[in-house]
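Here is the structure we will look at, set down as structure tokens.
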2 protein chains.
Amino acid sequence: MMRMNILEAFKALGNPTRLSILQNLREPEKHFPPQDEGDVTIDGVCVGSIQEGVGLSQSTTSTYLASLQRAGLVTSKRMGGWTYYKRNEANIKKLIELLGREL
Amino acid sequence: MMRMNILEAFKALGNPTRLSILQNLREPEKHFPPQDEGDVTIDGVCVGSIQEGVGLSQSTTSTYLASLQRAGLVTSKRMGGWTYYKRNEANIKKLIELLGREL
DNA sequence: TTGATGTTTCTAGATATAGCGATATAATGA
DNA sequence: TCATTATATCGCTATATCTAGAAACATCAA
């Protein structure tokens, strides 16, 4: 399990698009269309669906997701041709606790 | 009481110097020298003391403090020739609660 | 193998932030 | 009033981030 870093998390979430991606992933079935392969809640949401939601280019969306992942806030899973992203709830919980103690 | 904004707080705290200023202000008497006028805990810490702690220029320090204040994370009080900054504990608490609910 | 599709990485220009010195403002005291 | 000290703001350069398009890579199906 990754050790959470407050500063890196703040940097990643200081961008409105990245913040809203993480928030939308709280209730994936409410913000993203169902997928033929892979359940949005269990497996995560594919990059294409997330891109449609944010309205930026595919490459930018991919870069943002990679950044959220480096910060430990999401995980990715490759299945066939798709990459599915979902929240890393354990790390997010850890972050909030850390903030309560150290912020 | 200011309505806390998650994004603005993240932006302000995504900078290592600003983050550490806020953290040092948790225990002012441990991180800053006593002041002739104004108690570091009750009234806050003057800009000059904070500047010495961070090791950046006076102008940069002042700008950073203004940014933390705009984000609602600190308050300032002018007393004589000095401006004293302290944490806005109520807002910080509100922010952490907001993160627990909305992040 | 070839082509189609989803994703990632590379490159580059536009915009934003970092951080300094100089200047302006405010308060104090001689 | 004038000089001094503390802080804030302005103007600037350097660096970082934003974001797109192009190219590369991966997977699958024909």
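The set of residues from the stretch B:1-13 being open to solvent by 10 Å² or more (accessible area, probe 1.4 Å) and either touching a Leu at 6+ places or on another chain (Cβ under 7 Å) or more than 7 Å from chain A (Cβ to nearest Cβ) (or both) comprises B:MET1, B:MET2, B:ARG3, B:MET4, B:ASN5, B:ILE6, B:LEU7, B:GLU8. When you check A:GLY81 against the structure, is it modelled with pLDDT under 95 and small (Gly, Ala, Ser), yes or no? The answer is yes for A:GLY81.
Go through B:GLY80, B:GLY55 for me and flag whichever is of a type outside the set (Ser, Thr, Tyr) and over 17 Å from B:PRO28 (Cα atoms). Result of the check over B:GLY80, B:GLY55: B:GLY80. Mind checking whether some residue in the stretch A:83-100 is touching a Lys or Arg at 6+ places or on another chain (Cβ under 7 Å), in a helix (DSSP H, G or I), within 14 Å of DNA strand C (Cβ to nearest atom) and of a type outside the set (A, V, I, L, M)? No: zero hits.
Table: residues versus (1) away from DNA strand C (no atom under 12 Å from the Cβ); (2) under 25 Å from B:ARG101 (Cβ atoms); (3) at pLDDT 95 or above.
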site	(1), (2), (3)
B:MET4	yes, yes, no
B:LYS11	no, yes, yes
B:ASN24	yes, no, yes
B:GLU29	yes, no, yes
B:GLU37	no, no, no
B:ILE50	yes, no, yes
B:THR61	no, no, yes
B:ALA71	no, yes, yes
B:THR75	yes, yes, yes
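Among the residues of this structure, A:GLU37 does not count as one that is open to solvent by 50 Å² or more (accessible area, probe 1.4 Å), within 11 Å of chain B (Cβ to nearest Cβ) and not basic (Lys, Arg).
A quick yes/no check of all residues on (1) among the charged types (D, E, K, R); (2) within 16 Å of DNA strand D (Cβ to nearest atom):
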{"residue": "B:ILE50", "(1), (2)": "no, yes"}
{"residue": "B:TYR64", "(1), (2)": "no, yes"}
{"residue": "B:ARG70", "(1), (2)": "yes, yes"}
{"residue": "B:LYS77", "(1), (2)": "yes, yes"}
{"residue": "B:GLY81", "(1), (2)": "no, yes"}
{"residue": "B:TYR84", "(1), (2)": "no, yes"}
{"residue": "B:ALA90", "(1), (2)": "no, no"}
{"residue": "B:LEU95", "(1), (2)": "no, no"}
{"residue": "B:LEU99", "(1), (2)": "no, no"}
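Would you point out which residue out of A:ILE21, A:ILE42, A:ILE50 is part of a helix (DSSP H, G or I) and either more than 14 Å from chain B (Cβ to nearest Cβ) or in contact with a Pro (Cβ under 7 Å, 6 or more places away or on another chain) (or both)? Only one candidate passes the filter, namely A:ILE50. Check the stretch A:59-72 and report whether any residue there is open to solvent by 70 Å² or more (accessible area, probe 1.4 Å) and under 25 Å from B:ARG18 (Cβ atoms). Yes; the residues of the stretch A:59-72 include at least one that is open to solvent by 70 Å² or more (accessible area, probe 1.4 Å) and under 25 Å from B:ARG18 (Cβ atoms). Taking the conditions (1) within 16 Å of A:MET2 (Cα to Cα); (2) small (Gly, Ala, Ser); (3) more than 14 Å from chain B (Cβ to nearest Cβ) in turn, A:GLY72 satisfies each one other than (3).
Considering the stretch A:75-94, the residues that are touching a Gly at 6+ places or on another chain (Cβ under 8 Å) and within 14 Å of chain B (Cβ to nearest Cβ) include one that is least open to solvent (accessible area, probe 1.4 Å), namely A:ASN91.
The values are calculated or read from the model by the stated rules, or taken from the named source; none is laboratory data. No experiment lies behind these values; they were computed from the predicted model shown. Every residue, glycine as well, gets a Cβ built from its backbone with ideal geometry; the counts of neighbours run over all protein chains shown. The protein model used for the area step is the full one, side chains on, heavy atoms only, and it has no ligands, DNA or RNA in it. Shrake-Rupley method; radii C 1.70, N 1.55, O 1.52, S 1.80 Å.
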